Amino acid sequence: MEGLAMLRQLIGQLQDLLHLYGSPPPPLPPSSPFHLLHLHQLPHPFHDHHRRWCFPNINDTSAEDYYSLVMAAGKSGNCKMLEPFKPPPSKRSRKERNRGKLPGSTPASEVMDQEIWKEFPEDLFEAVIARLPIATFFRFRSVCRKWNSLLESQSFSHHCAEIPLANPWFYTITHENMNVGAMYDPSTKKWHHPTISFLPAKMIALPVASVGGLVCFLDIGHRNFYVCNPLTQSFKELPARSVKVWSRVAVGMTLNGNSTNEGYKILWVGCDGEYEVYESVKNSWSRPGSMPSNIKLPLSLNFRSQAISIDSTLYFMQSDPEGIVSYNMVSGVWKQFIIPAPIHLSDHTLAECEGRIMLVGLLTKNAATCVCIWELQKMTLLWKEVDRMPNIWCLEFYGKHVRMSCLGNKGLFMLSLRSRQMNRLVTYNVMSREWMKVPGCVLPRGRKRQWIACGTAFYPCLTATA
């Protein structure tokens, strides 16, 4: 009887709606389960916790809304009244959405519970911060003194050392502003322009090598060395060299361990065979020995080609005879490898990727020029071509006198290709064999595209100290 009373109440509500809106609902088809209702078809009496009443809002609903008032039987057999159909909410303006909100207020669900976060483990907190992108971390440093002091934390340094190396950045010098550096981040494809405040005024220092997040600079007069972290401006001027060699020198760097905390070494070598090694732990230069007699002097070093480091060994390119000269920073042993260069090759430089020795250069024949990549075969000591720039890109070089500089040679290469009518920067990823165009380098508040003079690749490290 309770169900019958509820049914009568429903019919009464429908009749009120008919009188209110002035038109009856359309007749139900004979196949509809609601065409005829008999007393024996009524469901079991409602339980209190299954009751759900719907009161239509006359002011907010249209005349057709009451059509959606139906009786539906659930799995339990109870009869439930469904809510009337509501049209999707219309998009409101930002002014309407913000109406009634206090400035600076946030929903309760977005408020961080301080009782929970104050117990967040300190070591886990540093591990999370160490994995932030470099640019994001420097923005977060301004939040509080504690975050700003993370760079001086030994535990934070250990967390940074545990993170696998990503793509290197590139530190470059432009022709127009030799005293201003330009750093390129390939992950965000953005240029950054740090202020080199540590260098003496009106002195031009060129980046010549890097290791562990540090970049080694040599002044253009080949007299003084400087080491710094371009990200944190940690800086050191190295003591004067004991050997007074002012001619051009080739420079390489290696780490004593996994990070700069264990120290690093720098080697310079001249064409006449003179060389010295700097040890950061001792902060002094030394002459471990002399060049062995089996190495032909003078060394015809390719100064356009930066040294590469694999483990504790440095490799330098020479042109007469064609090949490679290596020096082990631990054992102090020099070696020379005679390796003929590919024909029609120019502007070539050494590179490395995960322990493999690579070669990148321009291959020119007749009026056609293309950038090619080779890998040194250890068994035969011969160069094997492994990739080259897409032909559609090389068509731009046709008939032009193109020069190339390799600005970074650590797994991800940055190549500067230029002629009188062209100035291009591209990167090449050895692992993915992907060529990418680099956006032009433009100084802040400037419009003119800068010409890159030289540069080196370095792995960004927040905790590397000179």
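The values are calculated or read from the model by the stated rules, or taken from the named source; none is laboratory data. Since this is a predicted model, take the numbers as computed values, not measurements. Glycine also receives a Cβ, built like all others from the backbone with ideal geometry; neighbour counts cover every protein chain displayed. The area values use the complete protein model at the heavy-atom level, side chains included, leaving out ligands, DNA and RNA. Shrake-Rupley method; radii C 1.70, N 1.55, O 1.52, S 1.80 Å.
Here are a few things to note about the model shown:
- Solvent-accessible area, 1.4 Å probe, carbon plus sulfur percent, for segment 167-456: 51 percent
- Within segment 348-433, GluC sites (Glu not before Pro) in DSSP loop having at most 12 other beta-carbon neighbours inside 10 Å: Glu354
- Separation of the alpha carbons by more than 24 angstrom is noted, of Lys365/Lys410; Lys244/Lys296; Lys146/Lys236; Lys202/Lys265; Lys190/Lys236; Lys118/Lys146, for Lys365/Lys410; Lys146/Lys236; Lys202/Lys265; Lys190/Lys236.
- Counting charges near Tyr327 (Lys, Arg +1; Asp, Glu -1) among other residues having Cβ under 14 Å from its Cβ returns a value of 0.
- Solvent-accessible ranking of His222, His401, largest area first, probe 1.4 Å: His401, His222
- Accessible area (Å², per residue) of segment 120-160, counting only protein heavy atoms and a probe of 1.4 Å: 63 Å²
- For Arg356, the solvent-accessible surface with a 1.4 Å probe is about 80 Å², rounded to the nearest 10.
- Under Karplus coefficients 6.51, -1.76 and 1.60, residue-wise ³J(HN,Hα) of segment 451-456 in Hz, glycine/proline x: 9, 7, 8, 7, x, 8
- Segment 167-456 pair-distance distribution - Cα-Cα, 5 Å bins, rounded %: 1, 5, 12, 16, 18, 18, 14, 9, 5, 1, 0, 0
- Anisotropy class of segment 427-466 from Cα gyration tensor, a/c 1.5 cut: oblate
- Each residue of segment 271-286 was assigned a 3J(HN,Hα) from its phi angle through the Karplus expression (A = 6.51, B = -1.76, C = 1.60, θ = phi - 60°), giving 5, 7, x, 6, 7, 8, 10, 9, 10, 5, 5, 8, 6, 7, 8, 9 Hz with x at Gly and Pro.
- Amide H contacts of Gly273 (H built 1.01 Å from N, in plane; Pro and chain starts excluded): Leu299 sit under 5 Å, all sequence-distant by 5 or more or on other chains.
- Long-range HN-HN contacts of Ser284 with modeled amide H, under 5 Å: Glu279
- Accessible area in square angstrom per residue, segment 167-456, 1.4 angstrom probe: 46 Å²
- Gain upon complete extension [Lys189, Asn177; 0.36 nm per residue less C-alpha separation]: 2.2 nm
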